[in-house]
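The values are calculated or read from the model by the stated rules, or taken from the named source; none is laboratory data. None of these values were measured; they are calculated from a predicted model. Neighbour counts are summed over all protein chains in view; Cβ atoms, including those assigned to glycine, are modelled from backbone coordinates with ideal geometry. For the accessible areas, the whole protein counts, side chains as well, though only heavy atoms, and no ligand, DNA or RNA atoms are used. Shrake-Rupley method; radii C 1.70, N 1.55, O 1.52, S 1.80 Å.
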Amino acid sequence: MTQTSTQVEIKPRHMSFPFSDDLKEQNFWGGNIVLSVFAGALSSTFPPGEGEFIESVRNYRDQIKDETLKQQIKGFIGQEGHHSHQHKRANLILKDLGLDAVRLEKHLEKDLKRYIGYKRVTNKFRLAMTVGMEHLTAIMAEHILTQPEVLSGLNPSVQELLYWHAVEEIEHKAVAFDVFMLCENDQKYLQRVLRLMSFLFSVRITCYMVALLIWARKRPSWKELKGFGSFMFNKKTGLIPGIRSNYKDYFKPGFHPWDHANQDLVEMWKEKMYRPEHDLGLQRANAKEKAKEQKNLNDGLPA
Ligand SMILES: [Fe+2]
Ligand SMILES: [Fe+2]
């Protein structure tokens, strides 16, 4: 049985963010180069990482008979595919600004290909990695949507990209988990893999930040380091204190991602932050609707 919340629709939104309008500075995050390379390092991991999430779930797709979960897998694949596309666009702009996120993207892509080739890397391990990473992204998403002001130093297009990405991470946070539990049912294994992934992911992001700084020939000032330290560790608004308790819940027996019932954050985003003009899917739907109305008018039918 799947426990995935059926109250949340997993709906891919085809957004387009005007990065080139306002992403013009190398230290685009509040004039702080350390925060900027942090955003660049994270963004570089999304296209290859999300591609692997999709593949690892697809490996199990044929075993799923539950219609709801099948639909949710479809939504998950659509959302992750589109996140990957938008981060690729952002990475190209960052490259033009001298932060070569595209080079890092290729590096991770190559690494992933190599490790998937190892015989010991099973489908179970790949899916468990995805489940672990989905937990990390979902709890980070909750942090930034609960305290949206932590991104206030960012330019609007990147802010909007991250809020939208966060919302969809919440919507689909339990899909890989449900597939894993239905097909493998091994929560202890998930816990071991999350410990490993947390370590590997932190090391990779740190190395990628250093690489971006070296390639851009930038030496951060003390003030910039302090700003980054505050973003990460400030007791009230820091990322690490903000996600700590949710992170630990993964290790509770019987944990399910929807134990963190945060559907209200999706509603809050729809009401206060969603910009339909960036939603290409909505624009297309509206255009179709208008064309239909026009056709009805021409045919003399009520619109
Ligand atoms: Fe994503
Ligand atoms: Fe995700």
Qualifying trypsin sites (Lys or Arg not before Pro) for region 135-230 [loop in DSSP, other Cβ within 10 Å: at most 16]: R217
Nonlocal amide H pairs with M15, under 5 Å, H built at 1.01 Å: L280
Per residue value of the accessible surface for region 48-125 (all protein chains in place, 1.4 Å probe), Å²: 54 Å²
Stretchable slack from Q71 to T122, in nm (0.36 nm times residue separation minus alpha-carbon distance): 15.9 nm
Estimated FRET transfer efficiency when R0 is 30 angstrom, pair R192-L92 (beta carbons, to 0.05): 0.25
Computed E for E184/S221 - FRET, C-beta separation, R0 41 angstrom, nearest 0.05: 0.25
Under 16 Å from K236, Cα to Cα: aspartates and glutamates that are on another chain or at least 8 residues apart: E142, E149
Relative contact order of the chain, defined on C-alpha pairs under 8 angstrom at six or more residues apart (%): 28 percent
The chain - mean residue ellipticity at 222 nm from DSSP helices (-39,500 (n - 2.57) per run, n ≥ 4, rounded to 500): -23000 deg cm²/dmol
Those chymotrypsin sites (Phe, Trp or Tyr not before Pro) in region 88-169 that DSSP places in a loop and that have at most 10 other beta carbons within 10 Å: Y118
Trypsin sites (Lys or Arg not before Pro) within region 245-303: DSSP coil, no more than 15 neighbouring Cβ in 10 Å: none
Separation between Cα centres of region 179-233 and region 43-78, rounded to whole Å: 22 Å
Entries in K24/K226; K113/K226; K95/K290; K11/K188 that, when Cα-Cα distance is taken, lie over 29 Å: K113/K226; K95/K290; K11/K188
Region 69-213, relative contact order [Cα under 8 Å, separation at least 6], %: 34 percent
